[in-house]
Amino acid sequence: MATHGIGYCVNCGARLEAAHRFCWNCGTARSAPGPGPGPGGADAERSPPLPGTPGLLPWFFAAGAVFFLVEATRGLASLASPAGRAQLLEALAQQGVSASMRESMLAAYWVILIGGSLVAAALHGAAFHGLRRLRRWGWVSALVVAAGWSLVIVGIPIMVRLMSRNVRQAFGID
């Protein structure tokens, strides 16, 4: 057993003796372990990082999730607020929408814009979490989001990156 000296657990702060490879209090592995276990031990379970991992790509999807949550919140606030609702109804009247159709238009606004923003935020969030954990469903949701964004040109470079061979292989798609 290597002697690393006395240390403290990085998780709970418990004092660790030189012989401890794991915290006696919470079970967390010591940050500077002694000699690793032989073949078939805990180090064998960990695979090396795969080539073509997404890198910063998940964070673009996290930013998209935040953006759509902010948009949904803003839209809901303007619809729920009496002043915001009156402003929306006035804008509809200025556009020539009949009085009988205005409430239906507000309902459509709520379903399409706010509901769509929440669905988009959920897809972006799923892409973020799935890409960070190298899950196939994360790659699929990222591809769906990138395809949607490609309609406004922004998603084309992201879609190209997702379709590259090394990223597909990292997710076991190829």
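Since every read-out is calculated from the coordinates, none of them should be taken as a lab result. Quick caveat: nothing in here was measured; it's all calculated off a predicted structure. So basically every Cβ, Gly included, is an ideal-geometry build from the backbone, and we count neighbours across all protein chains shown.
A few notes on this one:
- At q = 0.18 Å⁻¹, base-10 log of I(q)/I(0) for region 57-170 (Debye sum, equal scatterers on each alpha carbon): -0.85
- Simple Cβ-charge dipole of region 65-174, Lys/Arg +1 and Asp/Glu -1, about Cα centre, in debye nearest 20: 580 debye
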